[in-house]
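Taking it in order: structure first as structure tokens, then the write-up.
Bear in mind that the values in this text are calculations on the coordinates, not laboratory data. Bear in mind the structure is a predicted one, so any value in this text is a computation, not a measurement. Virtual Cβ from ideal backbone geometry, glycine too; neighbours counted across all protein chains shown.
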Amino acid sequence: MPDSTTPNPTGRALWPALRRGFSGKCPNCGSGPILKGYLTVRDTCPVCREDFSHHRADDGPAYLTILIVGHIMAPLLLIVFETFRPEPLVLFTIFAIGTVALSLYLLPRLKGAIVAFQWARLMHGFKEHA
């Protein structure tokens, strides 16, 4: 059984591509930026010219962001409430800011990771270079 760092049958290793995508870099070369704005994926990598125009990230990054942020903040909210019993307005303010900040941090990174996953698995028009 192949480990997670060896290439799949397509020749593209998954975990290095996911790390590059999560860090906002091209999954192919690791140098060029994958996003040209906060959430806008570039049509091509400015360094290696890899084509990203046919990616299909759609709502996946938003769903994953909600899933991760919810699983972090909900138990944390319960622990803070039960342990410290802060005033409701203080608790709301801290967790509202924390939730928004964590969501804004994760959203572009998860979008890059999803595009990188699609690239590594040759999904939605990503093809092997001849």
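Please state which one of LEU91, LEU102, LEU106 is of a type in the set (A, V, I, L, M), without any contact (Cβ under 8 Å) to a residue 60 or more places away in the chain and either crowded, with 18+ Cβ neighbours inside 10 Å or under 15 Å from ARG19 (Cβ atoms) (or both).
LEU106
Since PHE126 meets every condition but one in (1) out of contact with any His (no Cβ under 6 Å at 6 or more places or on another chain); (2) among the hydrophobic types (A, V, I, L, M, F, W, C); (3) in a helix (DSSP H, G or I); (4) crowded, with 17+ Cβ neighbours inside 10 Å, which condition does it not meet?
(3)
Which one of these is hydrophobic (A, V, I, L, M, F, W, C) and within 18 Å of the chain's Cα centre (by Cα): LEU64, LEU76, LEU91?
Residue meeting the stated conditions: LEU64.
Could you list, in sequence order, all residues of segment 20-59 that are touching a residue at least 60 places away in the same chain (Cβ under 8 Å), within 11 Å of PRO108 (Cα to Cα) and surrounded by fewer than 13 Cβ atoms within 10 Å (Cβ to Cβ)?
If the condition is that a residue be touching a residue at least 60 places away in the same chain (Cβ under 8 Å), within 11 Å of PRO108 (Cα to Cα) and surrounded by fewer than 13 Cβ atoms within 10 Å (Cβ to Cβ), then TYR38 is the only one that fits.
Only one of (1) within 27 Å of GLY125 (Cα to Cα); (2) assigned to a helix (DSSP H, G or I) fails for LEU78. Which number is that?
Unmet condition: (1).
Just to be sure before I move on: is THR65 surrounded by 14 or more Cβ atoms within 10 Å (Cβ to Cβ), among the hydroxyl-bearing types (Ser, Thr, Tyr) and within 21 Å of SER103 (Cβ to Cβ) in the structure I sent?
Against the criterion (surrounded by 14 or more Cβ atoms within 10 Å (Cβ to Cβ), among the hydroxyl-bearing types (Ser, Thr, Tyr) and within 21 Å of SER103 (Cβ to Cβ)), THR65 qualifies.
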